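The values are calculated or read from the model by the stated rules, or taken from the named source; none is laboratory data. What you are looking at is a predicted structure, and each value in this text was computed from that prediction instead of being measured. Cβ placement follows ideal geometry from the backbone for every residue including glycine, while neighbour counts extend to all protein chains displayed.
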Amino acid sequence: MKKLLLALLAIIVMQFANAQSADEKIDVLVVDAASLPQVAKDSDKDYTLFYTFGIWCEPCRLHLPTAIKLAKDYNLNFYVIIVDEQGSDMTQNAVAFLKEQDKDIQIAILSDEVYGKRTKKRNRQFVKEITPAKFETIDDFSKYILLNDKGEVLIVTNYKDKEGGDWRDDSPMVQKKIVPLLN
């Protein structure tokens with residue numbers, strides 16, 4: 001049943017993507033771990049939140065509304081980072097899905113030139129590079145990466161931050177781990 005629902009979601013997203021006008025230009029920022037601090041420094045906001053995302057990742061889709069709400073509630077500069085290769089069908093589907101969630105959402109994608117094209121390998125390398133030594137490096141997805149306006153990485157979350165909670169709801173983790181950094 002779960003596979004059927006995921007397949008149906010993928011078909012709907014693909015149809016939406018194909019229905020978009022060819023004239024519609026969607027800006028996607030190509031990033032790597034070294035460029036994120038500059039994005040935060042260039043922002044007119046005190047904090048920049050990056051959220052890693054793959055259309056195929058159920059936690060990524062489930063946690064996205066929490067990330068969007070956090071960004072809006074705290075007036076954050078907010079980007080969703082697509083972890084799949086540039087120009088792939090998965091990436092096109094992810095962009096369509098993200099724009100459907102919030103038409104003004106800012107989208108970034110990991111650089112193929114820096115990270116290659118294999119999703120797990122590129123995510124593993126990115127997470128290793130962006131995670132400060134004081135945090136455990138775990139190359140999962142649906143990560144929150146918070147930087148201040150000096151470009152300093154304040155936190156990179158991972159699944160252990162949920163501390164035994166229901167993996168489908170990451171709002172308690174956000175309240176406990178991220179919100180205190182914003183206050």
Subset of segment 88-123 that is hydroxyl-bearing (Ser, Thr, Tyr) and within 20 Å of Asp140 (Cα to Cα) - its residue that is surrounded by the most Cβ atoms within 10 Å (Cβ to Cβ):
Tyr115
Residue selected from segment 141-174 under the condition assigned to a helix (DSSP H, G or I) and in contact with a helix residue (DSSP H, G or I) (Cβ under 9 Å, 6 or more places away or on another chain), by the criterion nearest to Thr66 (Cα to Cα)
Ser171
I'd like the residue in segment 155-183 that is hydroxyl-bearing (Ser, Thr, Tyr) and over 16 Å from Asp73 (Cα atoms) and, out of all such residues, is surrounded by the most Cβ atoms within 10 Å (Cβ to Cβ).
Thr157
Of all residues in segment 132-154, which are among the small types (Gly, Ala, Ser) and buried (at least 21 other Cβ atoms within 10 Å of the Cβ)?
Ser142
Can you tell me which condition Glu100 does not meet? The list is (1) charged (D, E, K, R); (2) modelled with pLDDT under 95; (3) assigned to a helix (DSSP H, G or I), and all the others hold.
(2)
The listed residue being farther than 17 Å from Val156 by Cα and in contact with a strand residue (DSSP E or B) (Cβ under 8 Å, 6 or more places away or on another chain), out of Ala67, Ala94, Ala40
Ala94
